[in-house]
Amino acid sequence: MRKGPIENIIFDLGNTLVYFDFCYFYDRVALHEKNLNARSLKNYINKNKLGLKITRGTLSIKDVFKILKKKFRLKISYSDFLFFYSDIFWVNSSMKTFVEKIARIKRFKIFLLSNTDPAHINFIDKNFPFVKLLKKRVLSYKVKLNKPQKKIFQITLEKYKLEPSKTLLIDDIKENVQVSESLGMKAIQYKNHKTFLKQFSRLNKKQE
């Protein structure tokens with residue numbers, strides 16, 4: 001890992017700032033329908049990579065609704081479908097406190113790098129306002145790329161003119177951490193908050 005003070009912190013979104021579980025979506029849609037099994041819905045979405053296509057911006061959530069409506073003969077309205085799709089998150093209170101604290105420290109610049117889509121990011125901004133502290137963002141659906149593709153990390157560094165050795169990524173996915181480190185960035189894989197704080201403190205002290 002290259003030496004240099006931490007000046008920039010790039011946060012992941014899902015299972016870092018907020019937790020999520022897509023099972024809430026599958027189960028609620030299935031409960032709404034008479035002849036739909038939640039597992040069948042999940043398997044079809046995963047097999048056809050519909051989630052990936054939404055976050056990469058090649059399909060809209062409305063496109064996916066139409067595909068699923070035709071495939072499973074859904075009776076659900078689009079507004080209910082969209083709400084069930086969006087309402088799968090809950091706050092990581094510990095990380096909320098950390099972000100609010102870091103945002104007050106002038107030497108740090110904070111960023112958001114996420115595989116997400118318009119429905120999810122709008123829901124999160126509305127329901128978890130602390131996320132809006134991360135105003136500088138690279139979102140997958142806008143750049144048509146997903147982590148762990150190397151190019152989305154490069155775009156983030158280039159867009160905000162970040163020096164890799166002074167930039168820290170916090171992400172729950174090991175592969176994303178590895179790709180960022182291959183570009184000369186520092187990285188912490190977020191697993192639990194207590195361990196994360198120790199890793200951040202250790203890394204930050206080394207640079208002071």
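Bear in mind that the values in this text are calculations on the coordinates, not laboratory data. Here the structure is a predicted model, which means the values were calculated and not measured. Counting neighbours? That spans all protein chains shown, and the Cβs are built from the backbone with ideal geometry, glycine included.
At a temperature of 20 °C and a viscosity of 1.002 mPa s, determine how fast segment 1-50 diffuses translationally according to Stokes-Einstein, using the Kirkwood radius over alpha-carbon pairs as Rh; express D in µm²/s, rounded to the nearest whole number.
The calculation lands on 153 µm²/s.
What does DSSP give for the chain in terms of the percent of beta bridges that are antiparallel, rounded to the nearest 5?
On the way: 3 of 20 bridges.
Roughly 15 percent of the DSSP beta bridges within the chain come out antiparallel.
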Pop a pseudo-label 7 angstrom from the Cα along the beta-carbon direction at both ASN46 and SER201 and give the gap in nm to one decimal.
3.8
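So if I average 1/r over every pair of distinct C-alpha atoms in segment 22-86 and take the inverse, what Kirkwood radius in Å does that give?
Details: mean 1/r = 0.0853 Å⁻¹.
About 11.7 Å for segment 22-86.
Scaled to the compact-protein estimate 2.2 N^0.38 Å, what is the alpha-carbon radius of gyration of segment 87-158, rounded to two decimal places? Mind dumping the intermediate values first?
Numbers: Rg = 13.0 Å, N = 72, 2.2 N^0.38 = 11.2 Å.
Segment 87-158 yields a ratio of 1.16.
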Listed here are the pairs LYS96/LYS147; LYS71/LYS135; LYS75/LYS191; LYS109/LYS142; which of them are more than 30 Å apart at the Cα?
LYS71/LYS135; LYS75/LYS191
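Computed from the mean reciprocal separation of all distinct C-alpha pairs, what Kirkwood hydrodynamic radius does segment 141-208 have, in Å?
Taking the inverse mean of 1/r over all distinct Cα pairs, segment 141-208 comes out at 12.7 Å.
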If you fit an axis through the alpha-carbon atoms of helix 38-47 and take the longest principal axis of the Cα set of the chain, what angle between them do you get, 0 to 90°, nearest 10?
60
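Going by C-beta contacts inside 10 Å, put LYS161, LYS191 in order with the fewest on the left.
Sorted ascending by nearby Cβ count, the order is LYS161, LYS191.
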Calculated FRET efficiency, ASP21 and SER94, Cβ-Cβ r, R0 22 Å, to nearest 0.05?
0.75
Simple spin-label estimate for SER60/ARG107, 7 Å along Cα→Cβ, in nm, reads 4.6
Where a ≥ b ≥ c are root eigenvalues of the Cα gyration tensor, a/c under 1.5 meaning rounded, otherwise prolate if a/b exceeds b/c and oblate otherwise, the chain counts as prolate
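Report the extension gain between LEU82 and GLU163 in nm, rounded to one decimal, defined as 0.36 nm multiplied by the number of residues separating them, less their alpha carbon distance. Let's see the in-between values first.
On the way: separation 81, 0.36 × 81 = 29.16 nm, distance 3.87 nm.
Difference between extended and current length: 25.3 nm.
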Taking other Cβ within 10 Å of each residue's Cβ, how do THR16, THR195 sort, fewest first?
THR195, THR16
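Filter the trypsin sites (Lys or Arg not before Pro) in segment 31-115 to those in DSSP coil with at most 15 other Cβ atoms within 10 Å of their Cβ, and list the result. List each step's numbers first, then the result.
Details: sites: LYS34, ARG39, LYS42, LYS47, LYS49, LYS53, ARG56, LYS62, LYS66, LYS69, LYS70, LYS71, ARG73, LYS75, LYS96, LYS101, ARG104, LYS106, ARG107, LYS109; in loops: LYS34, LYS49, ARG56, ARG73, LYS75, ARG104, LYS106, ARG107.
When the trypsin sites (Lys or Arg not before Pro) of segment 31-115 are filtered for loop state and at most 15 Cβ neighbours within 10 Å, LYS34, LYS49, ARG73, LYS75, ARG104, LYS106, ARG107 remain.
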Most positive-pole-ward Cα, LEU113, PHE153, PHE89, against dipole of the chain from beta carbon charges:
PHE153
Acute angle (nearest 10 degrees) that the helix 150-159 long axis makes with the longest principal axis of the chain, alpha-carbon atoms:
60
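Which order do PHE72, PHE11 fall in if you start with the one that has the fewest other Cβ atoms within 10 Å?
Ascending Cβ contact count within 10 Å gives the list PHE72, PHE11.
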